[in-house]
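Chemist: There's a structure below that I have some questions on.
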């Protein structure tokens, strides 16, 4: 099979290679998937770059945790009736911050535990299915981990991002009023199209003042947070007493100093979301939600690259932009 891989961490254009590898054989509990699309997440890019001193863990790594394709063979312990099934894949490399598996989805074939190959609804394309693992599961957990949202007001920080865009849609489907922050006119249009009731350009507006104006001085019931360190002062000011803040990243400062009493005076609840380490109940709930709302959820694809141009795809993720980035694999 053809696959992309790297033998050391570093810049995408320096370490990523594309070549031929032996086809994998599925273990008894695994399925063999012909990969059609491989989703790229910021975590995949950080892992390849060696972010924060992250070690290789293996002599050679095929990157990417998310993907979609068709099951072409099964292990001895798996129902052969699954052959031919369209599936989306998650955690193909294991948890972030762990050694994980050596072989991810950036290859023509992948052998993976059958439970990690989930039936892909007919209404969802392969490229979109390749973005369900991290972005969609993280968004679902952020929105619904603390119960139903009907009638609540939710602030989605970073509403134009991969997770935020889906969180806006999910919160609206759950019956919430949604306010989203974005970083410009393009992001504003993207979040509004996803169903946000109001959008705030954080670069041009005072987020706290605008949210308080939109909520009549009450604040918001829940916050989906893209960068806890950057926004924690705002979050503390805007959360209602005993409200919930679900943060899934803190890239601007991995070790923030928290204004404890700003949160404590509100009785605020802080929840940290790790999309690679969801509890089984949370993962099952997300899968059920995707199946029920497959025709309503829109996964935005910002760019698609062939396998031979995987380094360009990684650079696109690094520089940012609207929509998810995927590598497409024909065949």
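Chemist: For the range 49-202, report the % of Cα-Cα distances exceeding 26 Å. Could you put the intermediate results ahead of the total?
Modeler: Working: 4864 of 11781 pairs.
I get 41 percent for the Cα pairs in the range 49-202 exceeding 26 Å.
Chemist: P(r) tail for the chain, what percent of Cα pairs lie past 31 Å?
Modeler: That tail contains 32 percent of the Cα-Cα pairs.
Chemist: Pairs of Cα atoms under 8 Å, at least six residues apart: use those to get the relative contact order of the chain, whole percent.
Modeler: 18 percent
Chemist: Compute the relative contact order of the range 135-272 as a whole-number percentage, counting only Cα pairs closer than 8 Å that sit 6 or more residues apart in sequence.
Modeler: That works out to 20 percent.
Chemist: Ok, one more. On a 0 to 90° scale, report how tilted helix 228-238 is relative to the longest principal axis of the chain, with both axes built from alpha carbons and the result rounded to the nearest 10.
Modeler: Relative to the chain, helix 228-238 is tipped by roughly 30 degrees.
Chemist: Based on the Cβ-Cβ distance of residue 242 and residue 308, what FRET efficiency does E = 1/(1 + (r/R0)^6) give at R0 = 41 Å, to the nearest 0.05?
Modeler: 0.20
Chemist: Ranked highest first by the average count of other Cβ atoms within 10 Å around their residues, in what order do 267-277, 241-251 fall?
Modeler: 241-251, 267-277
Chemist: To the nearest 500 deg cm²/dmol, what mean residue ellipticity at 222 nm is calculated for the chain from DSSP H runs of n ≥ 4 alone, each contributing -39,500 (n - 2.57), summed and divided by the residues? Before the final figure, lay out the partial values.
Modeler: Numbers: 11 runs with 93 residues, N = 331.
About -7500 deg cm²/dmol.
Chemist: Same structure again: Using only Cα atoms, figure out Rg for the range 11-127 and give it as a multiple of 2.2 N^0.38 Å.
Modeler: 1.06
Chemist: Based on alpha-carbon positions alone, could you give the equivalent ellipsoid semi-axes of the range 135-272 from the gyration tensor, as √(5λ), descending, whole Å?
Modeler: One finds semi-axes of 20, 16, 16 Å for the range 135-272.
Chemist: If you average over every viewing direction, what projected area does the convex hull of the Cα atoms of the range 253-331 give, in nm²?
Modeler: Values: hull surface 37.3 nm².
Mean projected area of the Cα convex hull: 9.3 nm².
Readers should treat all values here as calculations from the given coordinates under stated rules, not as data from a laboratory. Note that this is a predicted model, so its numbers are computed, not measured. Cβ sites come from the backbone with ideal geometry, for glycine too, and all protein chains shown count toward neighbours.
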